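Report on the structure given below.
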Amino acid sequence: MVVIEVKVIPDSDKNELAKEDSKVKIRVKASAEKGKANQAVIKLLSKYYNISKSSIKIIKGKRKRNKLIKIDLKDTK
């Protein structure tokens, strides 16, 4: 299990993941309404780590740009 700090930037031109210092910056095309951006973040992380979406949980900051995300790396696809 890994916990990462993430800064999410919704309404971006493309979906991408970049590491900056101790945080991960994630840009998503989805807007920040009705959890669409959070779903896009989970989908992007699941592809990046090659794990199922159910292995990723937002544990802090569901309605904010800065989030803490728990990833269970044992549950690979």
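No lab work stands behind these numbers, since they all come straight from the coordinates. Please read all numbers here as calculations on a predicted model, not as lab measurements. Because the Cβ atoms are built from the backbone with ideal geometry, glycine has one as well, and the counts that use them run over all protein chains shown.
Structure values in brief
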| item | result |
| --- | --- |
| Test: residue in region 1-13 that is touching a residue at least 12 places away in the same chain (Cβ under 8 Å), closer than 15 Å to residue 72 by Cα, touching an Asp or Glu at 6+ places or on another chain (Cβ under 8 Å) and not in a strand (DSSP E or B) | yes |
| Residues (within 20 Å of residue 51 (Cβ to Cβ) and in contact with a helix residue (DSSP H, G or I) (Cβ under 6 Å, 6 or more places away or on another chain)) located in region 1-29 | 8, 15, 17, 26, 28 |
| Tally, over region 33-72, of residues that are under 19 Å from residue 18 (Cα atoms) and in contact (Cβ under 8 Å) with a residue 60 or more places away in the chain | 6 |
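Residue by residue, here is whether (1) within 10 Å of the chain's Cα centre (by Cα); (2) surrounded by 13 or more Cβ atoms within 10 Å (Cβ to Cβ); (3) in a helix (DSSP H, G or I) holds:
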site	(1), (2), (3)
37	yes, yes, yes
40	yes, yes, yes
44	yes, yes, yes
54	no, no, yes
62	no, no, no
68	yes, yes, no
73	no, no, no
